[in-house]
């Protein structure tokens, strides 16, 4: 090959290498942009997720819920509403407001948004009104990290952010002469409610 041919070949090699390098840089930039877009979309989706969506994805699974009171409960997750969940124990059900929980063990990474606006609207007050209507005998737990108070009784009525509990000795039927007190309990103070599974909460 002549010297001019060699120079032309070398120039072409330099240009080929330059174009390949540029293509590689553009391809890498495209890949990084795509990765950034995927990450941004994932972050945006996470921002819209609620705890109930994560809980709904593990309905029927075993879950442990630790409360601010220091107590923990384990059972099969049977309901995840707008602001409370239900765990099935062997003979009882536990209604636990999300606000009372400090830790969950057993959640996966998946989420399942609620598609029904009716089910989305069923909250703690709705569940408590159902228990009041059924005159279910309950064990109500209130408290904080300082300790838990347990009261046995029947819900008399439910307000917007509180309920009245007719306090009874365990096993007694709701009769006015057996009621030791009417305890008004704010939803914010409620840690959990345990009932027999036949009560259908």
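The values are calculated or read from the model by the stated rules, or taken from the named source; none is laboratory data. As the structure is a computational prediction, the values presented were derived from the model and not from experiment. Please note: Cβ atoms are built from the backbone with ideal geometry, for glycine as well, and neighbour counts cover all protein chains shown.
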So which of 103, 109, 31, 43 is surrounded by fewer than 16 Cβ atoms within 10 Å (Cβ to Cβ) and either modelled with pLDDT of 90 or more or within 15 Å of residue 193 (Cα to Cα) (or both)?
103
Does residue 157 satisfy the criteria of being farther than 13 Å from residue 190 by Cβ, assigned to a helix (DSSP H, G or I) and in the same structural domain as residue 189 (by TED's automatic domain parsing)?
no
